[in-house]
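Structure first, then comments.
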Amino acid sequence: MGALTLTQVTKAFGTTQVIKGVDLQVEDGEFCVFVGPSGCGKSTLLRMIAGLEDVSSGDVAIDGVRINDLAPAKREIAMVFQSYALYPHLTVRDNMGLALKQAGTPRAQILQATEKAAEMLALAHLLERRPAELSGGQRQRVAIGRAIVRRPKLFLFDEPLSNLDAALRVKTRIEIATLHRELGATMIYVTHDQVEAMTLADKIVVLRGGVVEQVGRPMDIYNDPDNTFVAGFIGSPQ
Ligand code: ADP
Ligand code: MG
């Protein structure tokens, strides 16, 4: 449960068409990576899937059910941003539990969900701290924990590691791969980093100017890119 289907999705800001008819199928449990140059529409696509932005035309569906008109909170989709967007005045525990609290989830259930997520992310010893007392990597894990406690069908990651240093990026990337295995959830992950794309993805989607250039398994795209543009993103150095 958590297959995503985009059918002829477009997005215009004013008269500027930024997404130009995207068709995409992401299977239940799949790890799908979006790559493409800055400004090609990766974040806009994620925001439309999450419901943070209306689609101009086309359909967004989860498990075959059209969700275009569903409020973000009702979508069972959680998004993790590059800027962690944690509440500075709340503890790690309260940051992670906030969405459940707002949804009226019983306190005991919030406690249990929060502690389980904290354990998965090695945050159990930091639950009473506030964001300012954490490192960048720890903050990013709290942002991921906040997504996990909601038990979404679909996780959306928008360049989640780009604010971390190289060593921490590798460590967190491995944690995200482990999380994907443990949760078995569908994930869509935006990155500029070819290594991240190659190691995490079941399926890579290469975007350019609001259009899907190529979709495929990492090694298939790597070995057989459709054109030089794709090869520039996913390919051996020429
Ligand atoms: P990416 O995430 O791939 O870098 P974005 O989805 O952020 O690209 O942006 C795609 C295009 O849409 C860019 O040209 C950007 O300037 C434009 N855009 C994004 N959001 C808005 C907005 N709210 N209003 C107007 N233009 C926007
Ligand atoms: Mg972006």
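The values are calculated or read from the model by the stated rules, or taken from the named source; none is laboratory data. Keep in mind it's a predicted model, so treat the numbers as computed, not measured. Quick reminder, even Gly has a Cβ in these numbers, built from the backbone with ideal geometry, and neighbours come from all protein chains shown.
Considering only residues that are farther than 9 Å from LYS11 by Cβ and assigned to a helix (DSSP H, G or I), look in segment 36-46 and name the one that is nearest to ligand 2 (Cβ to nearest atom). Give the steps one after another, and end with the answer.
Residues of segment 36-46 that are farther than 9 Å from LYS11 by Cβ, as a first pass: 36-40, 42-43, 46.
From what is left, the residues that are assigned to a helix (DSSP H, G or I) are 42-43, 46.
Numbers: LYS42: 5, SER43: 3, LEU46: 8 Å.
Only one residue tops the list, namely SER43.
Among the residues of segment 56-65, is there at least one that is out of contact with any strand residue (DSSP E or B) (no Cβ under 9 Å at 6 or more places or on another chain), outside any helix (DSSP H, G or I) and farther than 24 Å from LEU161 by Cα? Walk me through it before giving the result.
Going through segment 56-65, the residues out of contact with any strand residue (DSSP E or B) (no Cβ under 9 Å at 6 or more places or on another chain) turn out to be 65.
Subset that is outside any helix (DSSP H, G or I): 65.
Add one more test, that the residue is farther than 24 Å from LEU161 by Cα, and what stays is 65.
Yes, that holds for at least one residue.
I'm checking my understanding of the structure. Among residues of segment 204-238 that are of a type in the set (D, E, K, R) and out of contact with any helix residue (DSSP H, G or I) (no Cβ under 8 Å at 6 or more places or on another chain), which one is farthest from ligand 2 (Cβ to nearest atom)? Give the steps one after another, and end with the answer.
The first filter runs over segment 204-238 and keeps only residues of a type in the set (D, E, K, R), leaving 208, 213, 217, 220, 224, 226.
Next, from what is left, pick out any that are out of contact with any helix residue (DSSP H, G or I) (no Cβ under 8 Å at 6 or more places or on another chain): 217, 220, 224, 226.
Working: ARG217: 24, ASP220: 25, ASP224: 27, ASP226: 23 Å.
In this case the residue turns out to be ASP224.
May I ask you to say which residue of VAL206, VAL211, VAL190 is buried (at least 18 other Cβ atoms within 10 Å of the Cβ), touching a strand residue (DSSP E or B) at 6+ places or on another chain (Cβ under 7 Å), modelled with pLDDT of 95 or more and over 12 Å from PHE31 (Cα atoms)?
Details: VAL211 fails: buried (at least 18 other Cβ atoms within 10 Å of the Cβ); VAL190 fails: over 12 Å from PHE31 (Cα atoms).
It is VAL206.
Would it be correct to say that LEU86 is within 25 Å of ILE234 (Cα to Cα) and more than 16 Å from ligand 2 (Cβ to nearest atom)? Explain how you work it out, then say what you get.
Values: within 25 Å of ILE234 (Cα to Cα): no; more than 16 Å from ligand 2 (Cβ to nearest atom): yes.
It is false that LEU86 is within 25 Å of ILE234 (Cα to Cα) and more than 16 Å from ligand 2 (Cβ to nearest atom).
Go through segment 143-188 residue by residue and tally those that are in a loop (DSSP other than H, G, I, E, B) and within 16 Å of ligand 2 (Cβ to nearest atom). Talk me through it step by step, then tell me what you get.
Keep residues of segment 143-188 that are in a loop (DSSP other than H, G, I, E, B), which gives 149-153, 159-165, 184-185.
The next check asks that each one be within 16 Å of ligand 2 (Cβ to nearest atom); those that pass are 159-163.
Count: 5.
Is it the case that ILE19 is modelled with pLDDT of 95 or more, over 14 Å from the mean Cα position of the chain (by Cα) and away from ligand 1 (no atom under 16 Å from the Cβ)? Steps first, answer last, please.
Numbers: modelled with pLDDT of 95 or more: yes; over 14 Å from the mean Cα position of the chain (by Cα): yes; away from ligand 1 (no atom under 16 Å from the Cβ): no.
Judged against the criteria, ILE19 is not a match.
Just to be sure before I move on: is GLY58 more than 16 Å from ligand 2 (Cβ to nearest atom) and under 18 Å from the mean Cα position of the chain (by Cα) in the structure I sent? Lay out the reasoning, then the answer.
Values: more than 16 Å from ligand 2 (Cβ to nearest atom): yes; under 18 Å from the mean Cα position of the chain (by Cα): no.
Taking the combined requirement at face value, the residue does not satisfy it.
Quick one: which of ASP28, ASP54, ASP23 is charged (D, E, K, R), surrounded by 14 or more Cβ atoms within 10 Å (Cβ to Cβ) and under 22 Å from ALA78 (Cα atoms)?
ASP28
List every residue pair whose Cβ atoms lie under 9 Å apart, where the two residues are 6 or more positions apart in sequence or sit on different chains, the first residue falls within segment 26-48 and is under 20 Å from VAL65 (Cα atoms) and more than 6 Å from ligand 1 (Cβ to nearest atom), and the second residue, located anywhere, is in a loop (DSSP other than H, G, I, E, B) and of a type in the set (Lys, Arg).
Going by the 9 Å Cβ cut-off, the qualifying pairs are ASP28/LYS153.
Assess whether ILE19 counts as being outside any strand (DSSP E or B) and either among the β-branched types (Val, Ile, Thr) or on the phi < 0 side of the Ramachandran plot (or both). Before you say what the answer is, go through the steps one by one.
Working: outside any strand (DSSP E or B): no; either among the β-branched types (Val, Ile, Thr) or on the phi < 0 side of the Ramachandran plot (or both): yes.
Against the criterion (outside any strand (DSSP E or B) and either among the β-branched types (Val, Ile, Thr) or on the phi < 0 side of the Ramachandran plot (or both)), ILE19 does not qualify.
Identify all residues within segment 50-93 that are within 16 Å of ligand 1 (Cβ to nearest atom), within 24 Å of THR114 (Cβ to Cβ) and out of contact with any helix residue (DSSP H, G or I) (no Cβ under 8 Å at 6 or more places or on another chain); write none if there are none.
Residues satisfying the conditions are GLN82, SER83.
Count, please, the residues in segment 193-211 that happen to be in contact (Cβ under 8 Å) with a residue 60 or more places away in the chain and out of contact with any Gly (no Cβ under 9 Å at 6 or more places or on another chain).
From segment 193-211, those in contact (Cβ under 8 Å) with a residue 60 or more places away in the chain are 194, 196-197, 200-211; that's our starting set.
Add one more test, that the residue is out of contact with any Gly (no Cβ under 9 Å at 6 or more places or on another chain), and what stays is 196-197, 200-201.
Number of matching residues: 4.
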